[in-house]
Structure formats: C-alpha cells, structure tokens
C-alpha cells in the first residue's frame, strides 16, 4: 500500500498502476475515521477494480459556520491499518493547503436536488461536496467511485453531476451498514453519550415501523408515513427532528400529503435528520412502493 | 478526417486514436463559421498534438435572452472543408439534444473573474462557457486545449477553472488574428454593413494609439489609457461603447485611476466591447507595462 500526500505523487502512483495494466481503477473518497461502512465500500471497490484508491480529506468547503469541521474526529494511524487490511493500493491524504493552494474561485453545483433535506439545513454543503469530488475525480480519474447510501442525497446529487457534465466515472452506491441494534454507522456516532446512543435507535426503528405499515397496508399516503416517522422519533425525549421526509428518488421531488404511494413509479426515499444534543444524525430507507406493497 | 455527431462515437474515435498511440490529443472547441483565427488554432494544435479534435457547437447556455443564438452564422460544409485542409483528425458536431439530453441542473462557475467586462454585460455568459467546456473536456479528455486571445477574459476564466478544479488539460492561448487593416477576425464580422465594417477599425486603432502613447511616455496612468481609448473610438459616429477598460491580466483586477502602469508587475489588458448597430465586437491587447515602457 502506498501513502501519498501530494497531487503530484498521487498522479505518479496512478500512472505507475495504469502503465502496469492494473485497471479499472476504483475510488473511495472519505473524510477518514473509518468504520465498517467504509470497509464495505473498500471491499466493493476491490471486487470491481484492479487498483483501489482511497482518499482521506476533511473538506472545509462542505462545513458551514458553527459546524464540526475543527472537531471532526481524525485517526490517521487506525485508518491506515484498516485500509491496509482491506487491500487498498493507494491512500491519498492531502492537507487543506495541498487541495486549495489558492483561494478557490471555481465551483461545481447541482441545482434543485440540493435545496431540500440536508441542503436546506446545511446551505452550501452540497456545493462543497460536488466541488471537492470534482477535484478528486480529476486527480484520480477513476472508472468507478463508491459512496454509501447513508448519504442518499449525496449519491443522487453526484449521479446527476456525473451525467450532466459527462464525467467518465460510474457512481456505485453501496448499502447502509448498521450496528447489530440498527444504528447506521457514522464517524459522528463517537460524539454520542451513552444515553443519546440508546435513544438514537429511534431513527432506524421509525424507518422499520413505517416500512412495515406500508407492507401491511396500514400506511398508504405520504402523510401517513410522515406521521408514523415523527411519532416514533418523538418517543425519544432527546430527539430534535430536523426533517422526516418522504420524496421520490433520485429526483427528490416532494410527495403531496394525499399521494397514494402505490401510484408512484420508481423509487421513494424516507429520509431523516435528527439531533441528539449537538450531534446530528441522518438515516434513510430507499424502496420501490409498488414492490413493497404488492402483498396487500 | 472523421466526422462524429454523438458522444458515443466521439469516445470510440478517440479510443481508437489512443490505442494507436496517437497522443497527445489537442482540442479546439469552436462555434463554427470558421475563419483564419480558428485555422491558426488548428495549426497550433497540429504542431503540439498527434490527434487534433475540433468541436462545432453553438451552445445555447452561453447566450442571453435577446442575444444572437438563433441567428448566429452557421456553414457546416465550409467548416468541414477548412478542417480537412488544416489536418483535423476528428470533428465533433453534436446537436443541442445530444449535448443536453435532459434539463441540465449542474453548473461549473468561476467567481469574481466573471463579473467585469463581458461578464457584466452578458450575465450568465461565462457560466454557460465554463459548463459546456467542462462537458467537452470530459468527453474529449484532451492534453491541450486551444483558445484565441480575442476572448481574453474567456482564457483567464478557463485557466482558473482548470487550475482550481485540477483538470488534466493545459489551456494554450493563441494570438489574435487580424485582417490586413487591423480588424480582429470574428464570426460576427459578417453582420457588419460596409459602413460599420469601416468604422469598426477604431477598435484596433484605439488599442494601437494607447500602446504607442504608453511607449512614448505620453500616457502613464490607467485614466490616461481609458481616455485615449474612448476618444479614438468616439471618433466613429456609429460606435456605442459598452466598455473600454484596463485591468490586470489574468486576474482582471481593476486599476485605479491614478495608478502608474509602470508600477504594475506582470501583465495588463486593455479590453474593448463596442456595438455597431446590433453587432457587438470585442478586441483587446495584453502587454507587460514594464517592458513596453522601458525605452522612455
């Protein structure tokens, strides 16, 4: 495994792999503090690619004022051990100075998919994501790039960016990885107190409850689902709901209150953002209503 | 010479050239209606590259409402003859539908370099340029891309985009090509009446006059230069000045009225946009004041 910290060395390392015929190239961009969710992305990358590149970069551009850029957890040594174990070929760990040697004036943005959900509560966040991912894509020039579906809106936004701008990379979305008790893995879970950690289970529980109600025909409309999600999450006294939404996926169009979900073609997402103390957690479930409700 | 009209065929044709080792790849994006200025770009591309790709696409995204998108001159047959003569290997001529198969939600933009000069009078124009050029770069993946310095602001904007976003291409700026009497070549020159064509010579004449005054020490400040440019252009009764500016290049920072130009390090641009009837012409001169004024 080769660890590189400059764009120049990254390009050299990639050139070496390409010349050796070790293609296709799979890329897993991360902010580090890796967990089993990242490991699953790396394994998928390993299955599909002959060179696996992982980046570790906490990107200041995608954090708003008052967000946790400074305190975002970092542990390079542990990250490198995990990367080595998962068979990563090249790890790219740039400094902020290496990524932004001059004040960045250029921006890549995706309209309309970025105004709801996390885009509404974190203005500018997705512009930061699409801009840094564009830079990383241009540096790595991967054939595949792997992203976890926990950030489902990010996946939707990046897929649109790639298709709108004819980028030569396929975005491969990978399933959410959960703890045994249902909590979706996140680097930010370390912020949670024991009490918050326990109560945070309402996120996955509310999604399961809504899904079951749909399967059993007890919930039929967008309003039914929203109500169920909110009622389960509200059973936690510590939970402060930022949003509990149901939208089409990947176009993220809002469903009207009375829309019968079984009338919707294609996929739907139930998406949550909930704060426990100062920690903001997200979770979601993507499904096809026509399939889920066929048994009714 | 191969003419392709779909992104898929373009990628196939390029793949064939790459497999044959015909690299580096040089790219000349155009809006067609080619003239000797384009021919000079193609020749430069031929000197530096083993495969020359030219695109012809009148990009609706970079035209504002009321601008000349519909009436922009087109002559594919003549363009193909010129391309063949100049040794182009691949000509890409997509339809609007091929370039924008779905409503485009993604945008590449460059801040602050795009607010002055043509950016001020054509809001959104440069976003259209940077977005379509990003798409074309992703399709062609050239090693070099050639742009004429008549659109000097475009060159400055694209260079910043490439460096900010780590695109794998070198922007090669090429000198302005002029008619014998000084008129800068432009596809839009065909719009000019005979009378307008004659009066349009004030653009290049004003730049020459300002340059000479600088060399002879008769003009020393930004205000001196602006005054000279405006006075020469105003000698044409048909000329309506949109801007006559002097700025640093390529950062396009406005020079204060009393700034002594010989105190400025690096390059400076005198830039003009002038309307004759409904036809808008631009011209400019880029120079290093410390070199120009050394004789004084």
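The values are calculated or read from the model by the stated rules, or taken from the named source; none is laboratory data. Just so it is clear, the structure is predicted and the values come from calculations on it, not from any experiment. Positions of Cβ are backbone-derived with ideal geometry, glycine not excepted, and every protein chain shown enters the neighbour counts.
Would you be able to say whether some residue in the stretch B:240-248 is without any contact (Cβ under 8 Å) to a residue 60 or more places away in the chain, within 30 Å of residue A:103 (Cα to Cα), out of contact with any helix residue (DSSP H, G or I) (no Cβ under 7 Å at 6 or more places or on another chain) and within 14 Å of chain A (Cβ to nearest Cβ)? Checking the stretch B:240-248: not a single residue is without any contact (Cβ under 8 Å) to a residue 60 or more places away in the chain, within 30 Å of residue A:103 (Cα to Cα), out of contact with any helix residue (DSSP H, G or I) (no Cβ under 7 Å at 6 or more places or on another chain) and within 14 Å of chain A (Cβ to nearest Cβ). Among the residues of the stretch A:104-117, those identified as surrounded by fewer than 22 Cβ atoms within 10 Å (Cβ to Cβ) and modelled with pLDDT under 95 are A:111, A:112, A:115, A:116. Would you pick out the residues in the stretch B:107-141 that are facing chain A (nearest Cβ under 8 Å) and outside any helix (DSSP H, G or I)? Answer for the stretch B:107-141, where residues must be facing chain A (nearest Cβ under 8 Å) and outside any helix (DSSP H, G or I): B:107, B:108, B:109, B:110, B:111, B:112, B:113, B:141.
In the set (1) in a helix (DSSP H, G or I); (2) in contact (Cβ under 8 Å) with a residue 24 or more places away in the chain, the condition left unmet by residue B:224 is number (2). Under the condition of being touching a residue at least 60 places away in the same chain (Cβ under 8 Å) and part of a loop (DSSP other than H, G, I, E, B), which residue from the stretch A:67-84 is farthest from residue A:43 (Cα to Cα)? Looking at residues that are touching a residue at least 60 places away in the same chain (Cβ under 8 Å) and part of a loop (DSSP other than H, G, I, E, B), I get A:68. Residues considered: A:160, A:208. Of these, the only one that is modelled with pLDDT of 95 or more, assigned by TED's automatic domain parsing to the domain that holds residue A:287 and not in a loop (DSSP other than H, G, I, E, B) is A:208.
Failed condition for residue B:148, given (1) within 14 Å of chain A (Cβ to nearest Cβ); (2) more than 18 Å from residue B:3 (Cβ to Cβ), with all others met? Of (1) within 14 Å of chain A (Cβ to nearest Cβ); (2) more than 18 Å from residue B:3 (Cβ to Cβ), only one is false for residue B:148: (1). Among residues of the stretch A:206-227 being in contact with a helix residue (DSSP H, G or I) (Cβ under 6 Å, 6 or more places away or on another chain) and under 15 Å from residue A:284 (Cβ atoms), the one that is surrounded by the most Cβ atoms within 10 Å (Cβ to Cβ) is A:206.
Selection over the stretch A:4-49 of residues that are part of a loop (DSSP other than H, G, I, E, B) and touching a helix residue (DSSP H, G or I) at 6+ places or on another chain (Cβ under 8 Å) gives a count of 9.
Right, residue B:86: surrounded by fewer than 17 Cβ atoms within 10 Å (Cβ to Cβ) and assigned by TED's automatic domain parsing to the domain that holds residue B:36 or not? When the stated conditions are applied, residue B:86 does not pass them. Within the span defined as the stretch A:231-241, one or more residues are outside the structural domain of residue A:67 (by TED's automatic domain parsing), surrounded by fewer than 19 Cβ atoms within 10 Å (Cβ to Cβ) and over 30 Å from residue A:73 (Cβ atoms). Being within 14 Å of another protein chain (Cβ to nearest Cβ) and without any contact (Cβ under 8 Å) to a residue 24 or more places away in the chain is the filter; apply it to the stretch B:159-201 and report the residue that is nearest to residue B:129 (Cα to Cα). The residue in question is B:162. Check the stretch A:90-98 and report whether any residue there is in a loop (DSSP other than H, G, I, E, B), away from chain B (no Cβ under 14 Å) and touching a helix residue (DSSP H, G or I) at 6+ places or on another chain (Cβ under 6 Å). No: zero hits.
In the stretch A:257-271, the residue that is farthest from the chain's Cα centre (by Cα) out of those that are loosely packed, with under 13 Cβ neighbours inside 10 Å and over 16 Å from residue A:243 (Cβ atoms) is A:258.
You will find that of A:47, A:15, the residue that is within 14 Å of chain B (Cβ to nearest Cβ) and on the phi < 0 side of the Ramachandran plot is A:15 and no other. Taking the criterion of being surrounded by fewer than 18 Cβ atoms within 10 Å (Cβ to Cβ) and not in a helix (DSSP H, G or I), the residues of the stretch A:188-204 that qualify are A:193, A:201.
For (1) modelled with pLDDT of 95 or more; (2) over 16 Å from the mean Cα position of the chain (by Cα); (3) buried (at least 17 other Cβ atoms within 10 Å of the Cβ), each residue gets a yes or a no:
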residue	(1), (2), (3)
B:50	yes, yes, no
B:128	yes, no, yes
B:132	yes, no, yes
B:135	yes, yes, yes
B:143	yes, yes, yes
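Of the numbered criteria (1) in contact with a strand residue (DSSP E or B) (Cβ under 7 Å, 6 or more places away or on another chain); (2) buried (at least 16 other Cβ atoms within 10 Å of the Cβ), the one residue B:292 fails is (1). Considering the conditions (1) touching a helix residue (DSSP H, G or I) at 6+ places or on another chain (Cβ under 8 Å); (2) part of a helix (DSSP H, G or I), residue A:167 is excluded by exactly one of them, (2).
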